[in-house]
Amino acid sequence: MSENVLSGSRNVAIVGPYLSGKTTLLESLLFVTGATTRKGRIQDRNTVGDSAPEARDRR
């Protein structure tokens, strides 16, 4: 693949049942790939994927 294709944005869908670890997986993927400098924690309400206030309230 060309460098242009690899450097473009990526869209993914993480699908699973309630409490299956989707948010934790997303936080780990973002951290490992260098997209973030730290892993967010559900308990701290600072995750990237749960940005909506109602999602953070549900934890």
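Read-outs throughout are calculated quantities, based only on the coordinates presented, and are distinct from any laboratory measurement. The shown structure was predicted, so the numbers you read here are calculated from the model rather than taken from an experiment. Reconstructed Cβ throughout: ideal geometry from the backbone, glycine too, with neighbour counts over all protein chains shown.
3J(HN,Hα) along the range 13-20: 10, 10, 10, x, x, 3, 6, 9 Hz, from the Karplus curve 6.51 cos²θ - 1.76 cosθ + 1.60 with θ = phi - 60°, whole Hz, x for Gly and Pro. When peptides 28-37, 11-20 are ranked by their average number of other Cβ atoms within 10 Å per residue, the highest-first order is 28-37, 11-20. Amide H contacts for Val48 (H built 1.01 Å from N in the peptide plane; partners 5 or more residues away or on another chain; cut-off under 5 Å): Gly40.
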